[in-house]
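The values are calculated or read from the model by the stated rules, or taken from the named source; none is laboratory data. None of the values given here were measured: they were computed from a predicted structure. Here Cβ is always computed from backbone atoms with ideal geometry, including for glycine, and neighbour counts include all displayed protein chains.
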């Protein structure tokens, strides 16, 4: 990654983002939902899904009519513990957060609720949804499928997206465990970083456009493909996400998903109310015991400590909240264009 | 694996197994459930969870009072879409299959049902449960936690079991997709095979008893530990299974799980009724399209074809059903002992 040119405060970035989306016709409430989502991704260090990278693409998708800024989501199915939402081509974070809120509300009554959503744009950083579920002392799961770039294990043609999923476990108000991963061995964006540095990528990450193994990042970037993580095991998970977020709920899958920075297949979220199984305090006591067993583990060679899933992102969140979010030259240039075009002042950059 | 000394027919093996369990006081219905489970594992080629390997351990666990052969499972929680079963120290396959049947029955009415089970012995081959769920045109998920042998990523002390999970997708009566995997990079039994052949194990599989990486299978077998598959991603899954099957439902976890060939933490199963989301025929049509995209994939170097998750096991099942189940000298010796001790005739061996 190139050196950053300064930092912006998260609330300044949020305000900029809201103003941008208001300018292209997004209602304030939805503009705030999308902006909060993007800035949260930046705060957690997930810049690939943050405001700098995504705002230009999202704005362009609204301008091209790919995203409907005035969308009204509607129910396709709606029972006490299961629902399916049609997003009316709306913003992914708006539609997926609606699905998540519904899952939480229903699970409070029934113990468990599963909600699917389809017909919306890119849902963003998946962890955002399980972070919401754990606030309610519930376990959350979410998954989404995306345009094909990952081969099935043993194959040479992309069938699956990077197909991420997330699982969140509540602990207390200051601590949760958030698993969030792509089912590909690596994100495409990471390979682009290798290319820009002129470095080789490790074996086992990617194929070139002819389906041959390659360690040349440029050979991947020229219509190449990714491998699933962990061999046939990641393949099984990649396929599972494709069915859960796509085929089960009648959302697009495989090559039916439009390519682009603002597109998505479908989205599935589940909330499980811990206290429907046992008193939350008992679960919490056990969680502290498990966490103690993990964190007290003597580190292996090459490690300083054992981290919980989601712990690096939580630390980055605290740091960036107080010190600001780093700004990189290339994405700042894209934001400048948006700023000029829409007449929205850029957020101040601190050196 | 040593050469096999002959084959037994699956129904002969089933009869032998039922007779053995009857002799140690298991009611006929439960003896049949356990035996069907074990023989199904053998038929699918999962011999580590089959009749030859497990019968001696299960019989011994009954004789030692670890398994209660006359168990009466009871409900701890019981609502329309969520239940928790106490297995009364019964046979894992009996208790876990009861949980699975319940999940399927409830999901037929409500669309989704989640059932936990605790206080039972080893539940066997996890795929057995999702194979049952897919028979009802439902998607099944199941997970179980086991005695600690896997380190958290970056650590050097075992916290998790091999913690397998399974996800099953229905297609039609002759075809389903069954994902079934340990969250460790490899099963301990596989390393024992390397040791018996005097071969080194690949890097990244195991640590010795001091938490140092090793390629010596004997160093692993002497109180060593396994790594999660796919690095920190498998770690996230291993931890997730520990919470789902253990902490969420008040079952033992980590070092609280007794060691042994017949022990288990807890078990969690979920059934999702496809037709609650969309007409099954539409889902099925999409599944055939996805399967076509996968199977028509040109194979990569070193592969003859692309297989679906569960396809190798289904092929082995067909083969062994018609040709018999191979018998290996060491496990046959253990069965002989059981046969002598209980006065139950061994199944005939075909050469």
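When you scan the range A:148-175, how many residues do you find that are part of a strand (DSSP E or B) and surrounded by fewer than 22 Cβ atoms within 10 Å (Cβ to Cβ)? Let's see the steps before the verdict.
The initial filter retains those residues of the range A:148-175 that are part of a strand (DSSP E or B), namely A:150, A:155, A:160, A:165-172, A:175.
When the remaining residues are screened for being surrounded by fewer than 22 Cβ atoms within 10 Å (Cβ to Cβ), the result is A:171-172, A:175.
Total satisfying the criteria: 3.
Given the conditions (1) in the same structural domain as residue B:105 (by TED's automatic domain parsing); (2) under 18 Å from residue B:321 (Cα atoms), report the number of the one that residue B:85 does not fulfil.
(2)
Residue B:320 fails exactly one of the following numbered conditions: (1) surrounded by 21 or more Cβ atoms within 10 Å (Cβ to Cβ); (2) assigned to a helix (DSSP H, G or I). What is the number of that condition?
(1)
Which of (1) assigned by TED's automatic domain parsing to the domain that holds residue A:256; (2) touching a strand residue (DSSP E or B) at 6+ places or on another chain (Cβ under 9 Å) does residue A:206 not meet, given it meets every other one?
The number of the failed condition is (1).
Conditions (1) assigned to a helix (DSSP H, G or I); (2) out of contact with any helix residue (DSSP H, G or I) (no Cβ under 9 Å at 6 or more places or on another chain); (3) over 20 Å from residue B:333 (Cβ atoms), marked per residue:
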position: B:7; (1), (2), (3): no, no, no
position: B:12; (1), (2), (3): yes, yes, no
position: B:17; (1), (2), (3): yes, no, no
position: B:29; (1), (2), (3): yes, no, yes
position: B:34; (1), (2), (3): yes, no, yes
position: B:39; (1), (2), (3): yes, no, no
position: B:45; (1), (2), (3): no, no, yes
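Go through B:339, B:322, B:334 for me and flag whichever is under 16 Å from residue B:59 (Cβ atoms) and modelled with pLDDT of 95 or more.
Numbers: B:322 fails: under 16 Å from residue B:59 (Cβ atoms); B:334 fails: modelled with pLDDT of 95 or more.
Exactly one residue qualifies, and that residue is B:339.
Inside the range A:108-124, can you point out the residues that are surrounded by fewer than 24 Cβ atoms within 10 Å (Cβ to Cβ), under 19 Å from the mean Cα position of the chain (by Cα) and not in a strand (DSSP E or B)?
Matches in the range A:108-124: A:122 only.
Take the residues of the range B:127-145 that are part of a loop (DSSP other than H, G, I, E, B) and surrounded by fewer than 24 Cβ atoms within 10 Å (Cβ to Cβ): which is nearest to the other protein chains (Cβ to nearest Cβ)?
Residues of the range B:127-145 part of a loop (DSSP other than H, G, I, E, B): B:135-137, B:145.
Of the ones still in play, those that are also surrounded by fewer than 24 Cβ atoms within 10 Å (Cβ to Cβ) are B:135-137.
On the way: B:135: 17, B:136: 15, B:137: 12 Å.
The qualifying residue nearest to the other protein chains (Cβ to nearest Cβ) is B:137.
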